[in-house]
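Novice: The structure that follows is given in the form of structure tokens.
The values are calculated or read from the model by the stated rules, or taken from the named source; none is laboratory data. Note that the coordinates shown come from a computational prediction; the quantities given were computed from them, not determined experimentally. Here Cβ is always computed from backbone atoms with ideal geometry, including for glycine, and neighbour counts include all displayed protein chains. All accessible areas refer to the heavy atoms of the entire protein, side chains included, with ligands and DNA or RNA removed. Shrake-Rupley method; radii C 1.70, N 1.55, O 1.52, S 1.80 Å.
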Amino acid sequence: MVPERLPLWLQRYVDKVSDLSLFGGLPANHVLVNQYLPGEGIMPHEDGPLYYPTVSTISLGSHTMLDLYEPRQPKDDDPTEQPRPPPRPATSLLLEPRSLLVLRGTAYTHLLHGIEATHVDPLDTASLPPNAAACPSARPGARLVRGTRVSLTIRRVPRVLRAGLLLSK
């Protein structure tokens, strides 16, 4: 990773997250800005060992549902078996506009996370997310229509290149 100065508006978010001491007392030093249009998602994945084992995400614009999955096992890749249906999430969290999500501990180191590509997130009594009590829009029977969402993923990269790079043709 090569450090670059952040725009002032983005640095304010990084400073506020850093003030929460989520990264072992060190400031956040990495931001990933993603835009998700309605109907777009991201495959289940893990962030890996390059980062400090905590990630914070600020959701701007629309809500989304973040799905958490148990990791695949070697037996899941048996080529002699018939294709399996996609895995079902172990749980899902509602990320409302202007919310901050922090994943750490086993949620970061053990579970995969992803977002289903859909236009609407229907909620019923049996499928309310575990954080529903903290989310005003999480009502049984609600049909949450996704709009454009921008996520600011703010984290700590322990190893950053300290010297400038010389680029030549």
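Novice: Hey, what do the phi angles of the stretch 65-72 turn into as Karplus ³J(HN,Hα) couplings, whole Hz, using 6.51/-1.76/1.60 and θ = phi - 60°, x for Gly and Pro?
Specialist: Values, residue by residue: 10, 8, 9, 10, 10, 5, x, 5 Hz.
Novice: Also: Charges at C-beta only: +1 for Lys and Arg, -1 for Asp and Glu. How large is the resulting dipole of the chain about its Cα centre, in Debye rounded to 20?
Specialist: On the way: 18 positive and 16 negative charges, 139 e Å.
The dipole of the chain has a size of about 660 debye.
Novice: If you don't mind, another one. Length gain on complete extension for the stretch Asp19 to His45, per 0.36 nm per residue less the alpha carbon to alpha carbon distance?
Specialist: Full-extension gain reported as 6.6 nm.
Novice: Continuing with this model, one more query. Of the accessible area of the chain, with the probe set at 1.4 angstrom, what percent is carbon plus sulfur? Mind dumping the intermediate values first?
Specialist: Working: 6310 of 11020 Å².
Carbon and sulfur atoms account for 57 percent of the accessible area of the chain.
Novice: Hey, another quick one. Of Asn34, Gly24, Ser151, which is farthest along the charge dipole of the chain in the positive direction, counting Lys and Arg as +1 and Asp and Glu as -1 at C-beta?
Specialist: Gly24
Novice: Working from Cα positions, state the angle (0 to 90°, nearest 10) between the long axis of helix 8-18 and the longest principal axis of the chain.
Specialist: Value to nearest ten degrees: 70.
Novice: Could you work out how far apart the two model spin labels at Leu26 and Leu60 are, taking each label as a point 7 Å from the Cα in the direction of the beta carbon, and quote it in nm?
Specialist: 2.6
Novice: Suppose a student asked you for the relative contact order of the stretch 1-159, using Cα pairs under 8 Å spaced at least 6 residues apart; what percent would you report? Before the final figure, lay out the partial values.
Specialist: Working: 300 pairs, mean separation 62.2, N = 159.
For the stretch 1-159, the relative contact order is 39 percent.
Novice: Which value, in Å², gives the accessible area per residue of the chain when a 1.4 Å probe is used on the protein heavy atoms? If you can, show how the numbers build up before the last one.
Specialist: Numbers: 11020 Å² over 169 residues.
Heavy-atom SASA per residue in the chain reads 65 Å².
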